[in-house]
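This report refers to the structure that appears directly beneath it.
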């Protein structure tokens, strides 16, 4: 017996549609397509540190990028792996963006609902 779960997006029929792009959740015996749930995203100029409240009461998965030159973005790690001066930390309530270069830089961040602890 086939194990299938499908939750379609508005205006699509989950019984007849076969395009995974039209679903929030689409599983069958060979494929799983799951929509990533995003809480916040933004682009902000940072010089020093900036606190962004997410108030999830747990440590969520996040991605943070810094624009190191015009149109050139670098993925950041919570602990810097180089001496660039760009980093971030995240806890149960806030994402903290840090820039110790002395020059304001654009940061782009994404906070997801996934609990990483």
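Rule-based calculations on the coordinates, nothing more; no lab input. All values reported here derive from a predicted model rather than from experimental measurement. All Cβ positions, glycine included, derive from the backbone under ideal geometry; neighbour counts span all protein chains shown.
Those residues that are under 18 Å from the mean Cα position of the chain (by Cα), more than 21 Å from residue 114 (Cα to Cα) and surrounded by 15 or more Cβ atoms within 10 Å (Cβ to Cβ), I need them from the stretch 44-61; list them, please. Within the stretch 44-61, 50 is the sole residue that qualifies. The set of residues in the stretch 62-83 being surrounded by fewer than 16 Cβ atoms within 10 Å (Cβ to Cβ) and either within 17 Å of the chain's Cα centre (by Cα) or more than 19 Å from residue 103 (Cβ to Cβ) (or both) consists of 63, 73, 74, 75, 77, 78, 79, 81.
Scanning the stretch 89-117 for residues that are under 13 Å from the mean Cα position of the chain (by Cα) and within 18 Å of residue 59 (Cα to Cα) yields 90, 95, 109, 110, 111, 112, 113, 114, 115, 116.
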